[in-house]
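These notes concern the structure reproduced below.
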Amino acid sequence: VERKVAVVSAAQTKYGKSPVTARELALTAAADCIDQAGADPKEIGLGVVANCFGVVESQAHLAPILMTQIGNPSAPSFTVESACSSGGSALHIAFAGVRSGLYDTVLCVGVERVTHLPLAKSTEYFSMGSDYSFEGCCGATFPGLYAVMARAHMHERGTKSEDLAAVAVKNHENASMNPKAHLQKRITVDEVLASPLVADPLHFFDCCPFSDGAAAILVTTEEKARKMGGESVEVAASVRTGGPAALQSRERLDSLDAARRAAGLAYRQARITPKDVGFAEVHDCFTIAEVMAIEDLGLVGAKEAPRAAAEGITARDGAIPVNASGGLKAKGHPVGATGLGQVVEVFDQMLARAGTRQVPRSDVGLTHNVGATGGSCAVHVFKRMR
Ligand SMILES: CC(C)(COP(=O)(O)OP(=O)(O)OC[C@H]1O[C@@H](n2cnc3c(N)ncnc32)[C@H](O)[C@@H]1OP(=O)(O)O)[C@@H](O)C(=O)NCCC(=O)NCCS
């Protein structure tokens, strides 16, 4: 019999510019998560820390440091680097560990701190997540690479700058209701279109910010979750795929192959169809990424995808609420933390503790976490534990 896997608690720090180091951020999120579950840190069998840029604070190998800080230094632990999908990848490892019976309880913590770096430095470091020999080394930045995909989408699908702007407007509005979000200011379509071009056709407000922050979740068996007594959420599917890293290796630029395949496998594993998904947290590092994601996930049809935000389909009260948290665009994108922060939002929505941004249908939630421009992708499906 396959063991069911549950998330029993989820916590995150506020995203934004942090005056404290990544290791302090990680500890804050982890301690809050453990406290909420009422768990004994000694019962944690494995620690997985998602982090990409620890070295900018002269600190790699964050996992055993965190495990020592929480009082369980002898537990095995390791740090996962998978560019922007590090958090989702950490959960996938936790899922595999618990499902297989190798571990009963796994702590996943994602963390990043980069805002103390000058913009040119962080942009350069982030570009190392691309296929650097072909892309980064030639000066391609992430805004530049996503701009290529946006241009292809516009050319092939008729997507307009206004359509992309509507994604930013929606996600900023959602973030204005999220006290943990980095950018809590509402914006208008006109403001997006009038903002400077970062990489044509992407404007300033089409981009996510550089953020600091941490998120933590505690993953365990269904049996243990019940014993712990609190409310929990079932991880009904955990899929991690890969795709060609460089854009030049792709057959098409208006979709991510890794995301399409991850979605198909996740729906099969969770025994649901896209129609059953009540809400989703998707990887909108740039507005075009959300347009591609909702189509790759089958949440909307190919024709609907470009105008889904403009037409309110993906609004909090729309047919399929997307990024009720504010998404990477406005909640923020501390890369190591992002994928686990998405799970924190799903957990809060499912436990009906998302306040004014609560979505109407929270019985089935989905997270979609992309590494770089699609070299990796993690898709998870969550159901209320019955
Ligand atoms: C868009 C970008 C160039 C802006 O950087 P910047 O010009 O240095 O911006 P600053 O940090 O000086 O911020 C200026 C103000 O705009 C806000 N801001 C920064 N980035 C923002 C963004 N993307 N959207 C909206 N507001 C933003 C800041 O909070 C700040 O507001 P404040 O003055 O009220 O504090 C930068 O955020 C960027 O490159 N983003 C993409 C990050 C990326 O590639 N991530 C990886 C994705 S795969």
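Where in segment 275-356 are there helices (runs of 4 or more DSSP H), lying fully within it, with 1 or more residues that are within 16 Å of the ligand (Cβ to nearest atom) and either free of Cβ contacts under 8 Å to residues at least 24 places away in the same chain or surrounded by fewer than 24 Cβ atoms within 10 Å (Cβ to Cβ) (or both)?
Hits in segment 275-356: none.
Working carefully through the options GLN36, GLN59, find the one that is of a type outside the set (A, V, I, L, M, F, W, C) and either buried (at least 17 other Cβ atoms within 10 Å of the Cβ) or within 19 Å of GLU231 (Cα to Cα) (or both).
GLN36
Here's the yes/no breakdown for (1) near the ligand (Cβ under 10 Å from one of its atoms); (2) more than 20 Å from VAL282 (Cβ to Cβ); (3) open to solvent by less than 20 Å² (accessible area, probe 1.4 Å); (4) not basic (Lys, Arg):
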site: HIS182; (1), (2), (3), (4): yes, no, no, yes
site: THR188; (1), (2), (3), (4): no, yes, no, yes
site: SER195; (1), (2), (3), (4): yes, yes, yes, yes
site: PHE205; (1), (2), (3), (4): yes, no, no, yes
site: ASP212; (1), (2), (3), (4): no, yes, yes, yes
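Quick one: in segment 39-56, of everything that is more than 19 Å from the chain's Cα centre (by Cα) and within 26 Å of THR123 (Cα to Cα), which residue is surrounded by the most Cβ atoms within 10 Å (Cβ to Cβ)?
Restricting to residues being more than 19 Å from the chain's Cα centre (by Cα) and within 26 Å of THR123 (Cα to Cα), the top hit is VAL56.
Is there a residue being under 17 Å from ARG240 (Cα atoms) and under 14 Å from the mean Cα position of the chain (by Cα) anywhere in segment 284-296?
yes
Could you check, for segment 226-234, whether at least one of its residues is within 16 Å of the ligand (Cβ to nearest atom), of a type in the set (Val, Ile, Thr) and open to solvent by less than 50 Å² (accessible area, probe 1.4 Å)? Show your work before the answer.
Going residue by residue through segment 226-234, those that are within 16 Å of the ligand (Cβ to nearest atom) are none.
Among the residues of segment 226-234, not one is within 16 Å of the ligand (Cβ to nearest atom), of a type in the set (Val, Ile, Thr) and open to solvent by less than 50 Å² (accessible area, probe 1.4 Å), which makes the answer no.
Given the conditions (1) part of a loop (DSSP other than H, G, I, E, B); (2) open to solvent by less than 10 Å² (accessible area, probe 1.4 Å), which single one is not true for ARG361?
For ARG361, the failing item is (2).
I need a count of the residues in segment 139-160 that are within 24 Å of the chain's Cα centre (by Cα) and within 16 Å of the ligand (Cβ to nearest atom).
11
Where residues in segment 126-138 are within 10 Å of the ligand (Cβ to nearest atom) and open to solvent by 20 Å² or more (accessible area, probe 1.4 Å), which of them is nearest to SER249 (Cα to Cα)?
That would be GLY129.
Scan segment 270-329 for residues that are touching a helix residue (DSSP H, G or I) at 6+ places or on another chain (Cβ under 6 Å), closer than 19 Å to ASP257 by Cα and among the aliphatic types (A, V, I, L, M) and jot them down.
Once the filter is applied, which keeps residues that are touching a helix residue (DSSP H, G or I) at 6+ places or on another chain (Cβ under 6 Å), closer than 19 Å to ASP257 by Cα and among the aliphatic types (A, V, I, L, M), segment 270-329 yields VAL282, ILE288, VAL291, ILE294, LEU297, LEU299, VAL300, ALA302, ALA305.
Which condition from (1) within 21 Å of the chain's Cα centre (by Cα); (2) assigned to a strand (DSSP E or B) is the one that ALA168 breaks?
Every condition holds for ALA168 apart from (2).
Which residue pairs have Cβ atoms under 9 Å apart, sit 6 or more places apart or on different chains, and have a first residue in segment 107-123 that is within 11 Å of the ligand (Cβ to nearest atom) and a second that is in a strand (DSSP E or B)?
Pairs that qualify, where the first residue is within 11 Å of the ligand (Cβ to nearest atom) and the partner is in a strand (DSSP E or B), are GLU112/ALA50; GLU112/ASP212; GLU112/GLY213; GLU112/ALA214; VAL114/ASP212; THR115/GLY16; THR115/ASP212.
I'm told LYS224 meets every condition in (1) of a type in the set (Lys, Arg); (2) in contact with a His (Cβ under 6 Å, 6 or more places away or on another chain); (3) not in a loop (DSSP other than H, G, I, E, B) except one. Can you identify the failing condition by its number?
(2)
If ASN178 satisfies every condition in (1) touching a Lys or Arg at 6+ places or on another chain (Cβ under 8 Å); (2) in a helix (DSSP H, G or I) but one, which is the exception?
Checking ASN178 against (1) touching a Lys or Arg at 6+ places or on another chain (Cβ under 8 Å); (2) in a helix (DSSP H, G or I), the one that fails is (2).
Has segment 68-78 got at least one residue that is surrounded by 14 or more Cβ atoms within 10 Å (Cβ to Cβ) and within 16 Å of the ligand (Cβ to nearest atom)?
No.
The values are calculated or read from the model by the stated rules, or taken from the named source; none is laboratory data. Keep in mind that what you see is a predicted model, and the values were worked out from it rather than measured. Glycine also receives a Cβ, built like all others from the backbone with ideal geometry; neighbour counts cover every protein chain displayed. Surface accessibility is based on the protein's heavy atoms, side chains included, excluding ligands, DNA and RNA. Shrake-Rupley method; radii C 1.70, N 1.55, O 1.52, S 1.80 Å.
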